[in-house]
Structure formats: C-alpha cells, structure tokens
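Scroll down for the structure; my scribbles are underneath it.
The values are calculated or read from the model by the stated rules, or taken from the named source; none is laboratory data. All of these numbers come straight from a predicted model, not from anything done at the bench. Ideal geometry is used to build each Cβ from the backbone, glycine not excepted, and the neighbour counts take in all protein chains shown. In case anyone asks, the SASA skips ligands and DNA or RNA and just uses the protein heavy atoms, side chains included. Shrake-Rupley method; radii C 1.70, N 1.55, O 1.52, S 1.80 Å.
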Amino acid sequence: MQIGSVKLANQVISAPMAGVTDRAFRILARENGCGLVVTEMVSDLALIFANPKTLRMLDFRNEQSPLSVQIFGSDPETMGKAAAIVVERGANIVDINMGCPTPKIVKNGEGSA
Ligand SMILES: Cc1cc2nc3c(=O)[nH]c(=O)nc-3n(C[C@H](O)[C@H](O)[C@H](O)COP(=O)(O)O)c2cc1C
C-alpha cells in the first residue's frame, strides 16, 4: 500500500486515538506488525507556541518510519504552519482531524466542525 510517496509494509493502520496512541503504544503496535502508526491529535496552536507537553507528543526517538501525525485546528494559516512543524519533526504523513465530535473541540471550530 502507498499513501502519496509513503510506502507501507502492509495495510494495517492504527487509528489515531487521543490518550491512547502515545509513544509506547506506537512502538508496541509497530513491533506487532502495524504498517502505519498515528499520533494522538495535536493542536496547531500548541505546536506554534511550542507547548512543552505537546512537543513531548512528537518525541519519535527509536520509532520506525513511516509515522503519521494528526493535527487539529480551525485556521488554514495556523494549520499550514503546524503541518510544516510536524514534518520538520519527523512526520511522513500529516493527518488532519476532521471528525472529533467532542464539544470543547467543536466549539472552537475544530475537528468535526
Ligand atoms: C479513546 C479514543 C480516542 C480517539 N481519538 C481520536 C483522535 O484523536 N483522532 C481521530 O481522528 N479519531 C479518534 N478516535 C476515533 C478512532 O480513530 C476511530 O475512528 C474510531 O474508534 C472508529 O474506529 P473503529 O470502528 O475501528 O472502532 C478515537 C477513538 C477512541 C475510542
């Protein structure tokens, strides 16, 4: 399977899950044959303001490529900046969250909004 220029070893892709698909989860998923792992969703503004907790979510030491990073936000300009940041930090794929139904996300015009 191939997504854009990124070749996957197989068609098994981890769903992005906030609070679940952290570094430990991704390493175990890859060790058990997952072809592509995805981070938890990461806020575009938190990336731009270099929030330390958010940057820890982009710690990919000892992780195998390919890696997909999911970002969320509401403004195309800050989403573009955030996409550039995650690619610089090692993302092979940038996944945009367009499905999160959580009220605190939707009320900001993010996720499923
Ligand atoms: C605990 C939890 C957290 C989730 N967080 C995200 C998320 O951050 N981004 C996202 O796109 N989907 C998120 N989802 C949705 C899943 O990625 C997936 O689309 C959903 O569980 C449906 O897949 P399934 O039919 O295989 O269960 C989450 C789901 C769960 C259960």
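Some points to look at:
- For ASP44, the criteria (1) in contact with a strand residue (DSSP E or B) (Cβ under 6 Å, 6 or more places away or on another chain); (2) under 26 Å from MET1 (Cβ atoms) hold in every case but one, which is (2).
- Residue that is nearest to the ligand (Cβ to nearest atom) [pool: residues in region 87-101 that are free of Cβ contacts under 8 Å to residues at least 24 places away in the same chain and open to solvent by 60 Å² or more (accessible area, probe 1.4 Å)]: MET98
- If you check ALA9, ALA18, ALA50, ALA84 for being more than 15 Å from the ligand (Cβ to nearest atom), under 23 Å from GLU110 (Cβ atoms) and part of a loop (DSSP other than H, G, I, E, B), only one passes: ALA50.
- Options LEU8, LEU55, LEU36, LEU67; residue that is over 11 Å from the mean Cα position of the chain (by Cα) and crowded, with 19+ Cβ neighbours inside 10 Å: LEU36
- On inspection, SER43 does not qualify as hydroxyl-bearing (Ser, Thr, Tyr), under 13 Å from ASP95 (Cβ atoms), in contact (Cβ under 8 Å) with a residue 24 or more places away in the chain and within 16 Å of the ligand (Cβ to nearest atom).
- Residue pairs whose Cβ atoms lie under 7 Å apart, separated by 6 or more positions or on different chains, with the first residue in region 53-72 and in contact (Cβ under 8 Å) with a residue 60 or more places away in the chain and the second open to solvent by less than 40 Å² (accessible area, probe 1.4 Å) and within 16 Å of the ligand (Cβ to nearest atom), are PRO66/LEU36; PRO66/ILE93.
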